[in-house]
């Protein structure tokens with residue numbers, strides 16, 4: 001008998017079907033047992049009635065949550081008054097004839113049957129291979145998939161070619177210190193902090209590119225919004241100046257979140273969040289003007305600050321929401337010396353740069369700039385920051401051969417997911433988050449087992 | 001004046017347009033200069049006539065290949081006898097009024113104007129940021145993009161969720177020796193050899209998953225078909241047994257190559273290769289039977305061999321082509337002891353395993369198996385291979401909680417691209433290939449500049 005996907009049972013009332021999936025919950029009521037069984041498509045109420053099959057009833061008594069099972073039975077329309085509108089399959093149920101455990105689960109260390117898991121983050125992560133199975137947790141990653149799909153879609157509409165850039169690099173990508181070193185045969189190499197340099201090089205090849213890339217940051221601090229390994233959604237656009245890049249950034253950023261929200265209303269409602277407020281025109285502020293607004297609102301003097309801190313980001317987002325009915329705000333013209341070497345200084349005021357951040361719901365979700373596209377200017381900018389151009393030979397080679405005005409931006413996928421669902425910690429938006437203290441298991445646990453290597 | 005994409009000039013005969021792009025070639029004929037200008041959409045013949053604009057003509061004399069330029073002019077229908085059917089824009093040309101260099105290129109170290117580059121591989125890679133701009137080289141990566149798109153498409157049709165798996169791992173993924181170590185804060189971690197373990201863990205969450213992941217192999221040898229960093233297309237399918245997995249593997253493998261070939265006929269013709277021969281039913285052979293066929297054809301005794309070597313793969317593919325008119329052949333039941341710990345032994349003959357390779361055009365392009373999905377069997381299989389289960393705590397956790405019969409397969413993206421275009425070396429199918437000797441530049445060159453770190 002061929003397997004029926006659970007969602008398809010809705011169309012099969014009166015028919016006998018075979019379903020496969022996992023037990024979510026079991027409720028016993030005398031000689032009746034109710035099982036919620038789920039597969040990749042949906043969840044279904046399964047009724048085991050001793051009067052229908054005594055054998056099935058006896059079998060079902062051994063069923064427990066997370067068992068992988070297969071069940072044969074007849075799909076029945078539920079009486080009007082027992083229809084469950086919260087379920088896609090709420091109009092039907094399965095009257096069981098036969099059921100089998102395919103793979104038995106151990107007893108769960110905590111209840112997985114509720115709407116929420118209600119676990120502290122360390123517990124959630126210590127049991128990650130189990131807690132990921134909770135429907136609310138699964139939905140985070142279904143939304144994440146949708147964000148990526150929408151990014152790809154708009155990137156293709158922009159005429160971008162998808163590229164795959166290497167993550168093992170000979171030099172620290174942006175010349176920073178926070179890189180992981182790799183033993184590469186008998187040499188030292190590094191994990192790329194971003195696909196930045198490669199996507200720029202590819203402007204000379206494909207003109208417009210996008211990539212979904214892993215990026216690595218050895219930040220020796222534990223915050224709610226940083227991970228040591230992330231997924232980045234990157235775009236780079238040739239023959240584009242500053243204003244066009246800003247338009248592109250805002251269009252891409254608002255579109256992917258708006259579309260992901262529209263396509264996943266159910267998930268947003270599980271998390272009790274509203275779809276993003278997208279104005280006709282995202283408010284744009286120069287960095288110094290944003291600071292002035294924050295000062296007016298809070299009294300804090302920011303005139304010596306070279307960047308926005310998390311509190312500033314929250315404040316300027318609150319302003320954008322109040323004044324412009326927008327969950328988004330773009331900040332431009334950050335101080336040049338705080339930006340990476342490839343950032344183009346503003347020709348009218350070189351102390352500031354043609355850089356931009358897109359903020360959403362209180363936090364930066366994207367960063368980018370127009371780039372320096374002229375070889376000498378680029379090597380000078382490197383040297384000014386103490387970076388040796390000789391270590392970036394292949395990167396600089398691209399700029400010998402006609403790289404036009406260009407720029408781009410990138411989004412952190414986990415950050416986007418976190419902000420859209422208003423999760424408290426970015427770790428919740430990574431299947432298996434990496435940080436200073438954890439690589440799947442807590443490092444302190446893994447490494448106590450044996451002498452330090 | 002707004003920019004017109006070069007491909008769109010075809011519809012604009014008689015109109016004045018502004019194009020932006022790069023100079024591919026320049027040919028001077030007295031007071032006429034012909035430029036081939038390309039952007040991301042197409043290439044166009046641009047005619048600079050001193051009689052139309054003396055100033056434009058003088059400017060054009062300074063144009064050279066790879067200059068990024070912008071050109072204004074009138075789109076003209078070409079006379080019937082000068083139509084170039086090899087170009088998408090072959091029915092028109094641009095009569096120039098004004099032209100400007102946006103970014104000047106240095107003199108090229110070799111001619112980039114021909115149909116082929118004709119460079120030795122080391123030269124091709126030493127100048128990678130330039131040689132990638134050659135149209136034939138670009139087309140390799142356009143085809144690669146199409147392979148990935150088709151993989152995603154069929155994975156979605158299969159009901160797979162896209163996942164993003166970490167590449168920094170606490171243990172060598174498959175327990176092997178060929179891993180790169182990473183200095184992770186004050187601990188040692190490793191670069192994942194594949195997303196294998198994570199995709200298996202995710203069967204318990206999403207039932208069916210796919211991922212496009214970087215994988216790392218510290219293979220201390222230089223061959224034409226191995227890289228140190230690759231992109232893998234991975235799929236994993238829950239509630240599926242061996243026969244179903246084989247059907248899925250063959251459907252996915254043949255579909256992505258067939259579709260990529262159909263959608264890129266022009267690229268295949270640039271490389272002078274035929275689309276893949278896909279039979280109604282891909283021939284399937286058990287490993288030992290494949291060996292027997294090879295022995296019959298070559299006289300080589302393989303009865304002691306535990307695997308197929310590259311020569312064997314070529315021979316059995318030749319057989320499939322001759323006997324089954326197929327560029328594909330599937331080999332199953334490889335010896336269990338040669339396969340990774342998670343491979344399910346054949347219950348009827350445990351010396352052999354429920355494993356499979358898909359071969360195409362003389363080489364393995366995909367490998368996979370039904371997996372061991374039972375916890376005790378899994379830890380036993382690890383111990384038999386000298387792998388400490390304690391190091392795989394998070395992986396094994398997943399198997400405590402009901403993982404059904406499952407399996408999957410993975411494709412190396414660079415290998416697929418190489419085999420479809422019959423490239424001689426897999427490095428040609430990687431934008432910036434990593435191997436023992438090269439990370440962008442040759443390591444011997446990078447590291448001679450300073451004492452070994």
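Values quoted throughout were computed directly from the atomic coordinates according to the rules given, and no laboratory measurement underlies them. Please read these numbers as outputs of a predicted model, since none were measured by experiment. All Cβ positions, glycine included, derive from the backbone under ideal geometry; neighbour counts span all protein chains shown.
Quick look at the values:
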{"item": "Overall form of the stretch A:83-153 per C-alpha gyration tensor (a/c, 1.5; a/b vs b/c)", "result": "oblate"}
{"item": "Residue A:251/residue A:325 FRET efficiency (R0 22 Å; Cβ-Cβ; nearest 0.05)", "result": "0.75"}
{"item": "Calculated label separations, residue B:8, copies of the chain, 7 Å along the beta-carbon direction, nm", "result": "4.4"}
{"item": "Calculated on alpha-carbon atoms, Rg and Dmax of the stretch B:180-301 in Å", "result": "19.2, 57"}
{"item": "Inter-copy separations for residue A:277, label at 7 Å along Cα-Cβ, nm, ascending", "result": "6.5"}
{"item": "Directionally averaged shadow of the stretch B:330-371, computed from the convex hull of its alpha-carbon atoms, nm²", "result": "2.8 nm²"}
{"item": "Peptide A:207-216, shielding by other chains (average Cβ, 10 Å cutoff)", "result": "3"}
{"item": "Whether the stretch A:153-234 is rounded, prolate or oblate, judged on the alpha carbon gyration tensor where a/c under 1.5 counts as rounded", "result": "oblate"}
{"item": "Theoretical ellipticity at 222 nm over the protein assembly as shown - DSSP helices of four or more residues, -39500 (n - 2.57) apiece, nearest 500", "result": "-9000 deg cm²/dmol"}
{"item": "Cα gyration tensor shape of the stretch B:250-400, rounded if a/c is under 1.5, else prolate or oblate by comparing a/b with b/c", "result": "oblate"}
{"item": "Length-normalised contact order for chain B - Cα pairs under 8 Å, 6+ apart - percent", "result": "13 percent"}
{"item": "Extension gain (nm, one decimal) between residue A:280 and residue A:34, 0.36 nm per residue minus Cα-Cα", "result": "83.6 nm"}
{"item": "Partner chain coverage, peptide A:123-132 - average Cβ within 10 angstrom", "result": "4"}
{"item": "Percentage of interatomic Cα-Cα distances in the protein assembly as shown larger than 38 Å", "result": "49 percent"}
{"item": "Computed label-point distance, nm, for sites residue A:271 and residue B:288 using a 7 Å Cα→Cβ extension", "result": "5.4 nm"}
{"item": "Distance between modelled label sites at residue B:425 and residue B:225, nm, 7 Å Cα→Cβ extension", "result": "1.7 nm"}
{"item": "Among A:11-20, A:41-50, B:373-382, the order from most to least packed when residues are scored by Cβ within 10 Å on average", "result": "A:41-50, B:373-382, A:11-20"}
{"item": "Directionally averaged projected area (convex hull, Cα atoms, the stretch B:6-103), nm²", "result": "5.6 nm²"}
{"item": "For the stretch B:23-172, convex hull volume per residue from C-alpha positions, Å³", "result": "200 Å³"}
{"item": "Alpha-carbon spread of the stretch B:368-453, three principal axes, descending order, Å", "result": "52, 40, 21"}
{"item": "Cα Rg, Dmax, chain A, angstrom units", "result": "26.5, 85"}
{"item": "On Cα atoms only, tilt of A:375-384 relative to the major axis of chain A in degrees", "result": "90 degrees"}
{"item": "Helix B:135-157 vs. chain B, principal-axis angle (Cα, 0 to 90°, nearest 10)", "result": "50 degrees"}
{"item": "Förster radius 56 Å - calculated FRET efficiency between residue B:374 and residue B:5, Cβ distance, rounded to 0.05", "result": "0.45"}
{"item": "Full-extension gain in nm, residue B:52 to residue B:296, via 0.36 nm per residue minus C-alpha separation", "result": "80.5 nm"}
{"item": "Where a label projected 7 Å from the Cα of residue B:13 along Cα→Cβ would reach, residues of the stretch B:85-111 with amide N under 11 Å", "result": "B:91-93"}
{"item": "Tilt relative to chain B, helix B:196-206 - C-alpha long axis, 0 to 90 degrees, to 10", "result": "80 degrees"}
{"item": "Label 7 Å beyond Cα on the Cβ vector: residue B:310 copy-to-copy distances, nm", "result": "5.2"}
{"item": "Closest approach to the axis - chain A beta-carbon, rotation onto B, Å", "result": "A:182, 3"}
